[in-house]
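Presented below is the structure to which this report refers.
The values are calculated or read from the model by the stated rules, or taken from the named source; none is laboratory data. Computed from a predicted model, the values in this text were never measured in an experiment. Glycine also receives a Cβ, built like all others from the backbone with ideal geometry; neighbour counts cover every protein chain displayed.
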Amino acid sequence: MSVDLPDLRGALSNPSLVARPHTLRFTTPLPLSSGRTLDDYRLSFETYGTLGPAADNAVLVCHSLTKTAHAAGRHTPGETPSGWWHAAIGPGRMLDTDRYFVICSDTLGAGASSGPATHPDFPVVTVRDIVAAQHRLTQALGISRLHAVIGGCFGGQQALQWAISHPEAVGSAVVIATTPDTSPHTVAIFSVMRHLIPYGVNSAVMAAVPLWMSSAALREKFGRRTAHGGDYRYTLDPEFAVEAFLARIADRPEPAIDPDSLLHLMRAEEYFDLAHDHGSLEAALAPVTARTLFVSYRTDWRYPPEEADVLHRTLLRQGTPSRHAVLDSPLGHGAFLYDVPTLARQVAPFLAAAERSHA
């Protein structure tokens, strides 16, 4: 593997969580699922904590569809913490940086990694391609085996793909809000989003809100309240509080994600189908040796618990250690991002048990 290696000392120790982005360039061609190759590409990543002397305490965080490598901390010392999972990563938190060395990279096609924003003819990539590139990244950092890999939704697909594609490199996998394939329902929603992206990423995100917020969550947060707190005005302007919430999403500054990058990542998520790729779900999961924790949310109708349970039970039948925790949260699919304390009660002891087992 050919890679341009800058001085990585700053990347391998960051106890202060002031996260300077790092970039590695790879010049060994990467074969893709489509039959094409990516001959020269870059991966951007951030790290938190310190890699241990034996390089055995690394935890890879795989980001979801609209997130980036900036998972925790801040970019400059005086800045307010802005990482999308800052509540989960840091000293004493779910991913305890006093114990673990946490890595999060922009996937191929996203953020500052190579993608349509940097390559005009950037090919369509799959979750399997994204994980293959991440594997090269961890190898370049001197990590032959991850203590754990963790992610939710699109990130959960990556975590599961890691356990399938690189079983020798994964000790434990935490797979959140993920099912054996991406449902036709999600494909349909993404199709609607694709038509809205030319009008702005916020418009597409606004359309997706009912995907990850359950009916119960919307009722609890907004109910039937009006936007102005009074009685009905009998108008076609936004009347209800939930409408005003969506209008604020549409009107806020456009996010940093490149619209073409979002299109590529949505397609990668849509192509995720383990039975299609391997002939059957049993064949797909046969290589997995990692201790696996599946986490689902009872109110997640996008990736329902009963479908995730198929993954869990398949691993058990094959003799692979697996647990499935079904959590209650009114936030539905987005709970793993915003209800970290509930998630941490499952994940932190699972990772600690893996640490004791390794010791």
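When the helices (runs of 4 or more DSSP H) confined to the range 245-323 are screened for residues that are touching a Gly at 6+ places or on another chain (Cβ under 7 Å) and of a type outside the set (S, T, N, Q), those reaching at least 2 such residues are found at 259-270. Go through the residues of the range 166-184 one by one and say whether even a single one is without any contact (Cβ under 8 Å) to a residue 12 or more places away in the chain and either closer than 17 Å to Gly109 by Cβ or not small (Gly, Ala, Ser) (or both). Within the range 166-184 (the criterion being without any contact (Cβ under 8 Å) to a residue 12 or more places away in the chain and either closer than 17 Å to Gly109 by Cβ or not small (Gly, Ala, Ser) (or both)), the answer is yes, since at least one residue qualifies.
Filtering the range 7-55 to residues that are polar (S, T, N, Q) and within 21 Å of Thr68 (Cα to Cα) leaves Ser13, Asn14, Ser16, Thr23, Ser44, Thr47, Thr50. On the basis of being over 30 Å from Val205 (Cα atoms) and among the polar types (S, T, N, Q), does Gln346 make the cut? Answer is no for this residue.
Return yes when His195 is surrounded by fewer than 17 Cβ atoms within 10 Å (Cβ to Cβ), outside the structural domain of Arg345 (by TED's automatic domain parsing), more than 25 Å from Asp258 (Cα to Cα) and modelled with pLDDT under 95 and no when it is not. Reasoning before the result, please.
Details: surrounded by fewer than 17 Cβ atoms within 10 Å (Cβ to Cβ): yes; outside the structural domain of Arg345 (by TED's automatic domain parsing): yes; more than 25 Å from Asp258 (Cα to Cα): no; modelled with pLDDT under 95: yes.
No: the conditions fail for His195.
Applying the condition of being of a type in the set (S, T, N, Q) and assigned to a loop (DSSP other than H, G, I, E, B) to the range 1-58 and asking which residue is modelled with the lowest pLDDT yields Ser2.
Quick one: count up the residues across the range 178-231 that are of a type outside the set (Gly, Ala, Ser) and closer than 27 Å to Thr292 by Cα. Can you show your working first?
First pass over the range 178-231, keeping only residues of a type outside the set (Gly, Ala, Ser): 178-182, 184-187, 189-190, 192-199, 201-202, 205-206, 209-213, 218-222, 224-226, 228, 231.
Then keep just the ones that are closer than 27 Å to Thr292 by Cα; that gives 178-182, 184-187, 211-213.
Number satisfying all stated conditions: 12.
Quick one: which residue in Ala177, Ala188 is at pLDDT 90 or above and either charged (D, E, K, R) or in contact with a His (Cβ under 8 Å, 6 or more places away or on another chain) (or both)?
Working: Ala188 fails: either charged (D, E, K, R) or in contact with a His (Cβ under 8 Å, 6 or more places away or on another chain) (or both).
Answer to the check: Ala177.
For the subset of the range 115-161 comprising residues that are among the aliphatic types (A, V, I, L, M), part of a helix (DSSP H, G or I) and touching a strand residue (DSSP E or B) at 6+ places or on another chain (Cβ under 9 Å), which member is surrounded by the fewest Cβ atoms within 10 Å (Cβ to Cβ)? Break it down stepwise before answering.
At the first step, the residues of the range 115-161 found to be among the aliphatic types (A, V, I, L, M) are 117, 124-125, 127, 130-133, 137, 140-141, 143, 146, 148-150, 159-160.
The next check asks that each one be part of a helix (DSSP H, G or I); those that pass are 127, 130-133, 137, 140, 159-160.
The next check asks that each one be touching a strand residue (DSSP E or B) at 6+ places or on another chain (Cβ under 9 Å); those that pass are 130-133, 137, 140, 159-160.
On the way: Ile130: 25, Val131: 25, Ala132: 21, Ala133: 22, Leu137: 20, Ala140: 16, Ala159: 28, Leu160: 31.
Residue satisfying both the conditions and the ranking: Ala140.
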